[in-house]
């Protein structure tokens, strides 16, 4: 069995903060686009950091389009 390290994950809250949006906004966009898998850990939604980094710029562009 794999040892999962919390350092390998980013919370929805921290991911949203890095993009300058609310958790609610980011969650809705991620679910709408279905581009990254989330993992519920101790009641909090997390994403693998490496996966989030791969889609971060795409999410930023989509957020900019939405706000225009």
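All of the numbers you see were taken from the coordinates with simple rules; none came from a lab. Quick caveat, the model's predicted, so the values are computed rather than measured. All Cβ positions, even for glycine, are placed from backbone atoms using ideal geometry, and neighbour counts span all protein chains on display.
Students often check this: by mean Cβ neighbours within 10 Å, which of 54-62, 36-44 ranks highest, and how do the rest follow? Spell out each step's value before the answer.
Working: 54-62: 13.9, 36-44: 10.9.
Top to bottom by mean Cβ count within 10 Å: 54-62, 36-44.
When the Kirkwood hydrodynamic radius is evaluated over all pairs of different C-alpha atoms of the range 9-67, what value in angstrom, to one decimal, is obtained?
11.3 Å
For the chain, find the longest principal axis of its Cα atoms and tell me its angle to the long axis of helix 49-67, 0 to 90°, nearest 10.
Between helix and principal axis, roughly 20 degrees.
Per the helix-only calculation at 222 nm, which mean residue ellipticity applies to the chain, given -39500 (n - 2.57) for every DSSP H run of n ≥ 4 and division by its residues, nearest 500 deg cm²/dmol?
Working: 3 runs with 38 residues, N = 68.
Only helices count here, giving -17500 deg cm²/dmol.
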